[in-house]
Every structure is written in structure tokens, then in C-alpha cells.
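Worksheet for the structure shown next.
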Amino acid sequence: MKTILLVLFFTCSLFLFGQTGGTSSFPMLDLTYNARSAGLGGDFISVRDKDVNMGISNPSLVNVKMDKQVTFNTALLSGSINYGAVGYGYDIKNVGTLTSYIKYVAYGKFDRTNINGTADGSFYPFEMIAGTSIGRELNPRISIGASVNLLYSQLEIYNSIGVSVDFAGTYHNEDKGVLVTILAKNIGYQFKTYVKGNRNPLSTEIQAAVSYKVKHAPFRFTLLGHHLNKWDLSYNNPNLEPTLDQLTGDIIPVPITGLLEIIGRHFSYQLEVLATKNIDLRFGFDYQRRKELALESRPGISGFSCGLGLKFDKFSLDYGFMIYSRSGFNNLLTLSTDISKCRK
């Protein structure tokens, strides 16, 4: 198992490079589209059950339990912005289990004006990801998977088309409650650019996670490592210069990010409390998000998230709440059901 995951990691590392935002095309690839992941910090890739959203996030988690499962996801944002996803799992004989999905971002109505500011109609920016994931078990404890995504973005008269693929491998031991997984995602290419000659890379990223379900207690702990293909995620202002201490006359050098800080920014921490058979409580913390978005004077609980999962006879309902800063947060809702039960 370790050999397979190491080979996958180093093979992907040969052609991956780090991007943490602002310099890549199709930024909608990095959005959190389901409430379960939102409640656990944003990225959640380490539970193998019948939730189709897990197979969409990590193709090596696709399994036969997802057959005939359908999911609807939406974010509750202010203004006219709306984004979400729909997905469906289905099993094909002699092929395997697949999940197909569409993710979308609708930015609402924008006024079009000319160079003088005179109104000249309106437009509706829209972006979409259409993809399919397939997973296969190599043996009862090791599974692999891959996803293929078609990317489309329409911003006024400008549009862009691209493609991306994800690869993943997972080791799971249900008897010990342990799951280890590694995911390389957003590997792709921007075929058609908004402006000729202005092509940008995709936000390629390697993630790895370890999940442990306590045997005789309702807790599942997960440690997620993200952006593992980029060593230093911190931002160093190139305009900063050494300063002079007016009291001692010593030169104060420009602060340098320490080793522990660099390592800490790569991890998020996740806890699921399986309170009852039908109720799940979720909590997450992403240190990198807190360091990037928290207000320096009033950080509050930036970087934290929480969520709730309710399971009913014929459907399940999930809610996730992500806190970016004191002035920014996100709510997501997920409705999932088994089509075969609905028919009955």
C-alpha cells in the first residue's frame, strides 16, 4: 500500500507545481461544493461510504454503495451570486461504479457600460465543470480512481475552455477504522483562453489525509494535508525592507516565516461526531485560511467551520458553515437521496 501511494505521489510531483490562488485559470475548481466538506473545513476526502459527494471529491472513494444515489448542493450567498453542484452515482456491469456531476457558478446580472460609463445592456457571467469519476478496488483494502472534467467559463464576450483530471489512491481498513488517501487534482490545460496569448496554468494540487474512527466512541478524526506540492504557502511582501530600532540603533531584519509556521499552514483538522444513527456533528479548522483571511486586529474564529448532517428514511440533509473572516462566511446545503427508495 505504501509503495503504491508513494509512486503516485512522486509521479505526479514530476509535473505539478504549486498555486494557492490569484495566478491560475478556472478558480471555480477550488470552491467547496458540498455541505459535508464545508462543515469540515472545506476539503474532505477521507470517508468511504455511500455519499456521492465523496466520490466527486476523491475518485478513489467511488464504490458500489453509491449506485443510484443522487445529490443536490447549493451555496447560500448574498446578492445574486449562486453556485452549487448536482451528482449521480451508477454502477455499470463489467465496468465499475461511476459518478457524473455538474458544478456551476452563476454570478448574476451585470450592467455593461462603454468607456464613458454609459449603460449598454447587461450580461450574466457563468462558469461550469462537467465531469465523471470512476473508482475500482484492487483488493478489499486498496482502491484507485480517476476523474475527467470539462471546464467552461463565460465572462461577458470572453470565454475559456479547458480540461482537467484527478488521480487518487486509498487504503482503508474498516476493522481498525483507518483510512489513508492521496489525491492529485486539477491537472490540466486551458485550451481556449479569454485573450489570445494569455494562457494560465490550473490550480494543480496534491492532498493527503489520514482518518481514524474511534472503535467504541462516536468520533472520527481526520488530518488533511493540502498544497503538498508547494513548500511555502506564506506570503512575503517583496516591498518590505529592514528597519532601524530607534531605541537601540539595531537593524531589525525583515521577518522570515519559520519552519513550524510553514509546516502548519499545510494542515487542516477535522472532527465528525456521530452523535446518533441519524445525526452527525462536524467541526473543522484550516490554519492556512485563518492566516490568509483573518483581520489582523480582530481575527475572531476565522478558519473554523461547523456543520450538521441529518439522515431520514428516504433522504439526507446536510448543512455546512465556513468562516473566512469576521466579515465573510459561507453557508452550504446538500440534499441527497436514493432513487430506488423514492420509486418505492
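Taking the stated definitions as given, is Ile144 farther than 23 Å from Ala85 by Cα and part of a strand (DSSP E or B)? Answer is yes for this residue. Cβ-Cβ contacts under 8 Å between residues 6 or more apart (or on different chains), taken from a first residue in segment 248-273 that is within 24 Å of Asn237 (Cα to Cα) to a second residue that is charged (D, E, K, R) and surrounded by 10 or more Cβ atoms within 10 Å (Cβ to Cβ), are listed as Thr257/Asp232; Ile262/Asp232; Arg265/Lys291. Could you check, for segment 286-301, whether at least one of its residues is touching a Leu at 6+ places or on another chain (Cβ under 7 Å), on the phi < 0 side of the Ramachandran plot and not hydrophobic (A, V, I, L, M, F, W, C)? Scanning segment 286-301 turns up at least one residue that is touching a Leu at 6+ places or on another chain (Cβ under 7 Å), on the phi < 0 side of the Ramachandran plot and not hydrophobic (A, V, I, L, M, F, W, C). Of all residues in segment 96-154, those being in contact (Cβ under 8 Å) with a residue 40 or more places away in the chain, surrounded by fewer than 21 Cβ atoms within 10 Å (Cβ to Cβ), more than 25 Å from Val180 (Cβ to Cβ) and among the β-branched types (Val, Ile, Thr) number 1. Looking across segment 198-248, not a single residue is touching a Pro at 6+ places or on another chain (Cβ under 8 Å) and assigned to a strand (DSSP E or B). Restricted to segment 274-289, and to residues there that are of a type in the set (Phe, Trp, Tyr) and part of a strand (DSSP E or B), the residue that is nearest to Ser234 (Cα to Cα) is Phe285. Within segment 155-173, being without any contact (Cβ under 8 Å) to a residue 40 or more places away in the chain and closer than 22 Å to Ile56 by Cβ holds for Ile161, Val163, Val165.
Return yes when Ile144 is more than 20 Å from the chain's Cα centre (by Cα) and among the hydrophobic types (A, V, I, L, M, F, W, C) and no when it is not.
So Ile144 does not fit the description; no.
Checked against (1) on the phi < 0 side of the Ramachandran plot; (2) more than 21 Å from the chain's Cα centre (by Cα), Lys68 passes all but condition (1).
A residue that is touching a His at 6+ places or on another chain (Cβ under 9 Å) and assigned to a helix (DSSP H, G or I) occurs nowhere in segment 251-271. Candidates Asn173, Asn159: the one that is surrounded by 14 or more Cβ atoms within 10 Å (Cβ to Cβ) and of a type outside the set (Val, Ile, Thr) is Asn159. One residue alone among Gly79, Gly108, Gly89 is more than 23 Å from Ala130 (Cβ to Cβ) and either touching a Gly at 6+ places or on another chain (Cβ under 9 Å) or at pLDDT 95 or above (or both), and that residue is Gly79. Look at Thr243 and say whether it is touching a residue at least 40 places away in the same chain (Cβ under 8 Å), of a type in the set (Ser, Thr, Tyr) and either surrounded by 11 or more Cβ atoms within 10 Å (Cβ to Cβ) or over 30 Å from Asp313 (Cα atoms) (or both). Criteria not met by Thr243. It is to be established whether one or more residues within segment 111-126 are assigned to a strand (DSSP E or B) and touching a Leu at 6+ places or on another chain (Cβ under 8 Å). No, segment 111-126 has no match at all. Scanning segment 193-213 for residues that are at pLDDT below 95, in contact with a Phe, Trp or Tyr (Cβ under 9 Å, 6 or more places away or on another chain) and either under 30 Å from Glu174 (Cβ atoms) or charged (D, E, K, R) (or both) yields a total of 1.
Looking for something under 21 Å from Leu183 (Cα atoms), of a type outside the set (Phe, Trp, Tyr) and in a helix (DSSP H, G or I) - is there at least one such residue anywhere in segment 66-87?
Yes, some residue in segment 66-87 is under 21 Å from Leu183 (Cα atoms), of a type outside the set (Phe, Trp, Tyr) and in a helix (DSSP H, G or I).
Could you please let me know if Asp166 is part of a loop (DSSP other than H, G, I, E, B) and either buried (at least 18 other Cβ atoms within 10 Å of the Cβ) or at pLDDT below 95 (or both)? Judged against the criteria, Asp166 is not a match. In segment 54-65, the residue that is nearest to the chain's Cα centre (by Cα) out of those that are part of a helix (DSSP H, G or I) and under 9 Å from Thr99 (Cα atoms) is Ile56.
For the structure I just gave you, tell me whether Leu183 is of a type in the set (A, V, I, L, M, F, W, C) and in a strand (DSSP E or B). Yes. Quick one: what pairs do we get from segment 316-335, first residue within 26 Å of Ser297 (Cβ to Cβ) and of a type in the set (Gly, Ala, Ser), second part of a strand (DSSP E or B) and modelled with pLDDT under 90, C-beta under 6 Å, 6+ apart or different chains? Once the first residue is within 26 Å of Ser297 (Cβ to Cβ) and of a type in the set (Gly, Ala, Ser) and sits in segment 316-335, no partner that is part of a strand (DSSP E or B) and modelled with pLDDT under 90 comes close enough.
The values are calculated or read from the model by the stated rules, or taken from the named source; none is laboratory data. This one's a predicted model, so the numbers in the text were calculated from it and none came from an experiment. Glycine also receives a Cβ, built like all others from the backbone with ideal geometry; neighbour counts cover every protein chain displayed.
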